[in-house]
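Novice: Attaching a single structure in structure tokens format; questions to follow.
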Amino acid sequence: MLKGHLDTIVLAALEAGPAHGYAIIETIKRGSSHTFDLPEGTVYPALHRLEDAGLLSSAWMTPPGGRRRRLYSLTKAGATALADRRKAWGRFSQAVETLLGGGRAWPA
Amino acid sequence: MAGMIDEYVAALRRDLDFDPPLARRLADEVEAHLWEAVEADPAGSSPEAEQRAVARFGLAREIAAQFAADAIDRQARRTWMMLAATIAVTFVAMRLRVLWLDDLETAMSALAALIDRYAFVAAVATGIVGWFAFRRSLAPLAICLGGLAASIAAGIARAGLFADGAPLHVLLAAAGEVALIGLLSWHVLGLHRRLHRTAALRSAR
């Protein structure tokens, strides 16, 4: 179920600011209260796919005294895509919740 | 246990050999990620921490298979764009040849003219059907490539009968179509390699 939404989740994880792969995975784990405890490597195909689509940009950065990392950032198109996907998800989740018997009447 | 991260990164590079630049970049990223995970391990840096970091990351083959599947879409898109460009340039070159050869046509070049025209038409028709119905498939691209190559070869053979008097724009158009058919072949081979690699990675999972 998560697979179809991974790209959106990665976009959301980068909304707060640029981050590297390890930090993105940690944000997803913490943000989902460890519900999404997916193999860490699965985030990299999503990151590269989103970058190819122009929704992310990336660059190598070396913090003083730290390890060299590739930082990913949302592009303007990425921020727009995230807003669109958030709206679509809101409608979808509300509809599913209603159909499963736990929500308000749909359509609202 | 020492060197487990190095071994993992080397395995990932091997599995991504269909795209060397991606393999290099990802190897660097994954290595940084795994060392970061080792440093964050409560037990500190140790072979066991390396083992846990690698286990949490997932199987190298599965990661590579996801990249391979994405690479097919990218390569297919590039190959279809290259096919469209090759068709356009071949059409222009063919028209230029026809305009120039109109007065010089001989019975000897009639067969070449037929191949030039109908192999091109067959390639375009296959390309249209392939684009709408089999975009991720190699077969229509291979047929288009064969049709265009036959058309170009026949066209050049036909013009070659009068090569001494060929105007510059006809020669340049012919050079353009030869260059593009070479690039198209390279792209089709690249797609074949990626499809083959993806199938191998998936069957090994």
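Novice: Considering each of B:Arg61, B:Arg56, B:Arg14 in turn, give the residue that is within 29 Å of B:Leu183 (Cα to Cα) and either at pLDDT 90 or above or facing chain A (nearest Cβ under 9 Å) (or both).
Specialist: The conditions single out B:Arg14.
Novice: Taking B:Ala76, is it assigned to a helix (DSSP H, G or I), closer than 22 Å to A:Asp52 by Cα and in contact with a Lys or Arg (Cβ under 8 Å, 6 or more places away or on another chain)?
Specialist: yes
Novice: Can you tell me which residue in the stretch A:19-57 is nearest to B:Gln75 (Cα to Cα), limited to those that are over 12 Å from the mean Cα position of the chain (by Cα), more than 9 Å from chain B (Cβ to nearest Cβ) and not acidic (Asp, Glu)?
Specialist: A:Ala53
Novice: May I pose another question? Return the residues of the stretch B:70-79 that are more than 8 Å from chain A (Cβ to nearest Cβ) and either within 16 Å of B:Arg25 (Cα to Cα) or touching a helix residue (DSSP H, G or I) at 6+ places or on another chain (Cβ under 7 Å) (or both); say none if nothing qualifies.
Specialist: B:Ala71, B:Ile72, B:Gln75, B:Ala76, B:Arg78, B:Thr79
Novice: Looking at the stretch B:125-136, which of its residues are open to solvent by 40 Å² or more (accessible area, probe 1.4 Å) and either hydroxyl-bearing (Ser, Thr, Tyr) or touching a residue at least 24 places away in the same chain (Cβ under 8 Å) (or both)?
Specialist: Within the stretch B:125-136, B:Trp131, B:Arg135, B:Arg136 meet the criteria.
Novice: Here is a follow-up. Quick one: B:Ala204 ticks every box in (1) open to solvent by 10 Å² or more (accessible area, probe 1.4 Å); (2) at pLDDT 85 or above bar one, so which box is it?
Specialist: All conditions are met except number (2).
Novice: Given the conditions (1) crowded, with 19+ Cβ neighbours inside 10 Å; (2) not assigned by TED's automatic domain parsing to the domain that holds B:Val178, which single one is not true for B:Gln75?
Specialist: (2)
Novice: Are there helices (runs of 4 or more DSSP H) fully within chain A with at least 1 residues that are loosely packed, with under 12 Cβ neighbours inside 10 Å? List them.
Specialist: Filter on chain A gives A:21-31, A:76-99.
Novice: Now a separate question. Would you mind telling me which numbered condition in (1) among the hydroxyl-bearing types (Ser, Thr, Tyr); (2) within 14 Å of chain A (Cβ to nearest Cβ); (3) more than 30 Å from B:Met4 (Cα to Cα) B:Thr86 fails?
Specialist: (2)
Novice: Take the conditions among the β-branched types (Val, Ile, Thr), modelled with pLDDT of 90 or more, buried (at least 18 other Cβ atoms within 10 Å of the Cβ) and not assigned by TED's automatic domain parsing to the domain that holds B:Ser185 and apply them to B:Ile87. Does it pass?
Specialist: The answer is no for B:Ile87.
The values are calculated or read from the model by the stated rules, or taken from the named source; none is laboratory data. Because the structure is a prediction, the values reported are computed rather than measured. Every residue, glycine as well, gets a Cβ built from its backbone with ideal geometry; the counts of neighbours run over all protein chains shown. SASA here: full protein model, heavy atoms, side chains in, ligands and nucleic acids out. Shrake-Rupley method; radii C 1.70, N 1.55, O 1.52, S 1.80 Å.
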